[in-house]
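Participant: Supplied in structure tokens, the structure appears directly below.
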Amino acid sequence: MKLSRDRYFVGALALSVLAAVLVLGPSIHNGFAWDDRWLIVENPNIQQPGRLGLALRSAFWDIPSRPVTASAWIYYRPFITLVYAGLWRVFGPQAWGYHALNLLAHLGCVVLAGRWLRDRFTPRDDLGWWAAFGAAVMLFAVHGSRVETVVWVAGCTDIWMALWLLLACALWTRGHAILAAIPAVLAALSKEVAFALPVLLALDLALGVSPPEVDTRPTPSRWRGVATIAGALFVALVVRLVLVPPSAFAAGSAMEGGIVRRVLSTLGGYLSRAVWPWPDAVVFRPDRYLGGAWWILGLLGLLGLGALAWRSRRSPTARGTLADVAWFALPLVPVLNVMAISGYSLLGQRFLYLPLLGLCALALRLASLGPRSARVVAAVLSLLVVAHGASVRGMVSTWRNDEALWRRAHQLDRDDLFVCKQLVVAETEARPAVAEALAAGCSRDASRKGSHQEALLLGLRALGVRLRKVPEGDRESLVAFRETYLSIEAGRVAQAEVGGLRLTLRPGERGGRPWREDPGLLEGPLALVTFRLGLDEEAEGRFRRVLASHPNDISTLMNLAVLLGRRARWDEALALVGRVRSLGPNAPGRSRLERILRSGVSLPTELDPDRRALGLATVMLELGAPGRAFEVLQRFGDAAPPPVVLLRARGLVAQGRVGEAVALVEAAKARDPEHRRQWEGVLGQLRALPARRGAPGDSR
């Protein structure tokens, strides 16, 4: 009899693992997306062994490229930091390794979830009950919430927390409370929800969840086991609060709606997404759910919980059901938006990873009522497995990279300004014209809706994209950009032509600076355009003011290094590049800029003045300063050798004066026919030059 039960159990787990691999396996081919860039790709804390110790003593999001003071999400998750650091040592920036480990950890959770469910109920010989059991485990394996946890690398916090928590439950159930305390602490160091484990175990004991095959009766020894785990977690909490003290916690951003309606709407949202995966969504807009009927669903759920608690006073069956519901509801309490956890989303589907255990347990509780109930539950769960599996399979490719993610999110909801901003950022490098038009269009739409601050920020983003396309020699456009930025900085309304639209940018209340959190919106571009206009002293002051409030802003560090390099302040420039190397070793253009500056350092040691002048002119051209290069090359006069002519031609091209460059070389060829072949070579090189080549630090 026990043998057949074991066969059913192993078969259910095997099918669930296979389903998870088939549905989620293609995610291994995905790249990084969204927060992966901050936490992994641009995070020197996990890339440089010397910084790892500090990272393990700091808040999870306290990373150089995104300081914790600029974020409302202050977490302490050192185990996840260690996971990222280990993966970086093995795979570097190759995303497939991170996705593979996510999938393997999820498969471990599937197996442990099956064990947890079996420990919770009396196994039966009824095939219908085992069908319901298998469907419940399979639903846990392929549920729609798994997209944000398994497919998204940064969502792995829920997987690791659940893995360690389920292992702690398995050890505690078998009487190994001291051993169970170890994975319990690791779970809490993966995600904060794990601190609820002692409460959940205590509720199971108090409500009598004790199947005959596993003795979980509320004996003194079992209560001591709960106390042991609670004590270990209390120590972990104290350590956490010492390393990340309460005073460091930033206040959550404001969110629309009264607290009661907001909480009920959030609860209703979780109830809805727990059962049905559609409609697809990447982020959830607060106004949609606060203004909809989700709060009614949340109210019904809350009333049902109250009725169940009342009935559990006299009904053993209701007490077991209440314990199952607690496993669903209690882990969701921290994310019910009692205090806003973000400004753009009421709920995250990844938060359902652990609570889904409670839903699966509740389904099996119903299946245990009798053979007919078991068959009905098995059929309903099978339908949900198919629905969620299809949804997940379709969403896997959505998360393959930032462009695909935000393009899909924008298709699903074109009115979401947060999504628009993310898509603009993702498209800026690959398709700047698309990014500019998109940002301008969203800015106009926000302005029409009266959201002037959002319109301003999106308009500034559109201006930043357009600024990148302005040639160095187009002083008229650069001056116009500077005037626009100065008007906004001074609190005046500004007009701008971007993305084929004429925008009216309203800074709002004088003194308000909504762009301050992101130096790439106004302060950095204003410093950059000032620099490109040749106002070096003012530009240096502006760059340094940006660094005073954002000391780790890589773009500003790079641009200031270029400015100092143009002024031959090589050591200061190299010091700034050294900071960039420590903050973001893979920062675009960092290696090239460092090489250019180091070649400038060696120039004073060159004894031949002509060679020294050629070297300095070359460096200045590489730093995007053709005017300074022309000054240096004046010593050669008109009858210059081919290398000098080539440098002058490159400088003219950098300024957009291609015709003058061609005329210069043609004149040199006519003046020196004996070296016709050399001049033809110079012309060939000139034709191969790009129309514009920006300075290595010009990353805005």
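Participant: Select from GLY450, ALA649, HIS29 the residue farthest towards the positive end of the dipole of the chain; place +1 on Cβ of Lys and Arg, -1 on Cβ of Asp and Glu, and compute about the Cα centre.
Facilitator: Of the options given, the answer is HIS29.
Participant: So which trypsin sites (Lys or Arg not before Pro) in segment 373-438 are both in a DSSP loop and have at most 13 other Cβ atoms within 10 Å of their Cβ? Each step should come with its number before you reach the end.
Facilitator: Details: sites: ARG375, ARG393, ARG400, ARG407, ARG408, ARG414, LYS421; in loops: ARG400, ARG414.
Sparse-neighbourhood loop trypsin sites (Lys or Arg not before Pro): ARG414.
Participant: Further question: Going 7 Å from the Cα of LEU127 in the Cα-to-Cβ direction, what parts of segment 9-34 have a backbone nitrogen less than 16 Å from that spot?
Facilitator: Under 16 Å, as judged by backbone N against the label point of LEU127, lie 9, 11-12 of segment 9-34.
Participant: Assigning unit charges at the beta carbon (Lys, Arg +1; Asp, Glu -1) and nothing else, what dipole magnitude in debye, to the nearest 20, does segment 414-515 show about its Cα centre?
Facilitator: Working: 17 positive and 14 negative charges, 42 e Å.
Once rounded to the nearest 20, the dipole reads 200 debye.
Participant: Ignoring everything except DSSP H segments at least 4 long, calculate the 222 nm mean residue ellipticity for the chain; use -39,500 (n - 2.57) per segment, divide by total residues, nearest 500. Walk me through the numbers before you get to the answer.
Facilitator: Values: 31 runs with 445 residues, N = 700.
-20500 deg cm²/dmol, from helical runs alone.
Participant: Further, regarding this structure: Once you order the gyration tensor axes a ≥ b ≥ c over the Cα atoms, which shape class does segment 340-480 get: rounded for a/c under 1.5, otherwise prolate or oblate by comparing a/b with b/c?
Facilitator: Working: a/c = 4.33, a/b = 2.99, b/c = 1.45.
Prolate, since a/c reaches 1.5 and a/b exceeds b/c.
Participant: Here is a follow-up. Once you measure Cβ to Cβ distances between cysteines in the chain, which Cys have no partner under 4.7 Å?
Facilitator: CYS109, CYS156, CYS169, CYS360
Participant: Calculate the spin-label point distance for THR317 paired with ARG475, positioning each point 7 Å from the Cα along the beta-carbon direction, and give it in nanometres.
Facilitator: In this crude label model, ARG475 to THR317 measures out at 8.8 nm.
Participant: Starting from the Cα gyration tensor of segment 414-515, take the square roots of the eigenvalues, sort them a ≥ b ≥ c, and report rounded, prolate or oblate (rounded when a/c is under 1.5, otherwise prolate if a/b is larger than b/c, else oblate).
Facilitator: Numbers: a/c = 1.90, a/b = 1.04, b/c = 1.83.
Because a/c hits 1.5 or more and a/b fails to exceed b/c, segment 414-515 counts as oblate.
Participant: Is the shape of segment 605-688 rounded, prolate or oblate, going by the alpha carbon gyration tensor and its root eigenvalues a ≥ b ≥ c, with a/c under 1.5 for rounded and a/b larger than b/c for prolate? Present the calculation step by step, with values, prior to reporting the outcome.
Facilitator: On the way: a/c = 1.98, a/b = 1.27, b/c = 1.56.
Verdict is oblate for segment 605-688.
Participant: Same structure, new question: For segment 514-592, state which GluC sites (Glu not before Pro) are in a DSSP loop and have at most 15 other beta carbons lying within 10 Å of their beta carbon.
Facilitator: Working: sites: GLU517, GLU523, GLU537, GLU538, GLU540, GLU572; in loops: GLU517.
Answer in residue order: GLU517.
Participant: Contour minus end-to-end for ALA390 and TRP310, with contour as 0.36 nm per residue of separation and end-to-end as the Cα-Cα distance?
Facilitator: 24.9 nm
Participant: Report, in order of residue number, the helices in the chain meeting two criteria: a C-alpha extent of 27 Å or more along the helix axis, and a mean Kyte-Doolittle hydropathy of at least 0.5; treat each whole DSSP H run as one helix.
Facilitator: Membrane-span-like by this rule: 2-24, 220-243, 371-395.
Participant: Once you place label points 7 Å from the Cα toward the Cβ at GLN495 and ARG677, how far apart are they in nm?
Facilitator: Each label point lies 7 Å from its Cα, and together they span 6.1 nm.
Participant: Here's something else I'd like to know. Taking the highest mean first, how do the peptides 597-604, 580-587 order by number of other beta carbon atoms within 10 angstrom per residue? Provide the component values of the computation, followed by the final result.
Facilitator: Numbers: 597-604: 16.2, 580-587: 17.9.
The densest-packed peptide leads the list: 580-587, 597-604.
Participant: How big is the dipole moment of segment 605-688 about its Cα centre under a simple scheme where the beta carbon of each Lys and Arg is +1, that of each Asp and Glu is -1, and everything else is neutral? Debye, nearest 20, please. Numbers along the way, then the final one.
Facilitator: Working: 12 positive and 11 negative charges, 33 e Å.
Here segment 605-688 has a charge dipole of around 160 debye.
Participant: Just order 543-553, 263-273 by mean Cβ neighbour count inside 10 Å, highest at the front, would you?
Facilitator: So the peptides 543-553, 263-273, ranked by packing, come out 263-273, 543-553.
Participant: Which label marks the calculated value of percent of Cα pairs over 44 Å apart, given the options [x] 51; [y] 39; [z] 36?
Facilitator: Answer label, from the structure shown: [z].
Participant: Rank by packing, highest mean first: peptides 445-452, 319-326, with packing defined as the count of other Cβ atoms within 10 Å averaged across residues. Present the calculation step by step, with values, prior to reporting the outcome.
Facilitator: Values: 445-452: 15.0, 319-326: 22.0.
In descending order of packing, they fall as 319-326, 445-452.
Participant: Given charges of +1 on the Cβ of Lys and Arg and -1 on the Cβ of Asp and Glu, with all other atoms neutral, how large is the dipole of the chain about its Cα centre, in debye to the nearest 20?
Facilitator: Values: 83 positive and 58 negative charges, 273 e Å.
Around 1300 debye, computed over the chain.
None of the figures in this text is laboratory data; all of them are computed from the coordinates on show. Note that the structure is predicted; figures quoted are calculated from it, not measured. FYI the Cβ positions are ideal-geometry reconstructions off the backbone, even for glycines, and counts take in every protein chain you see.
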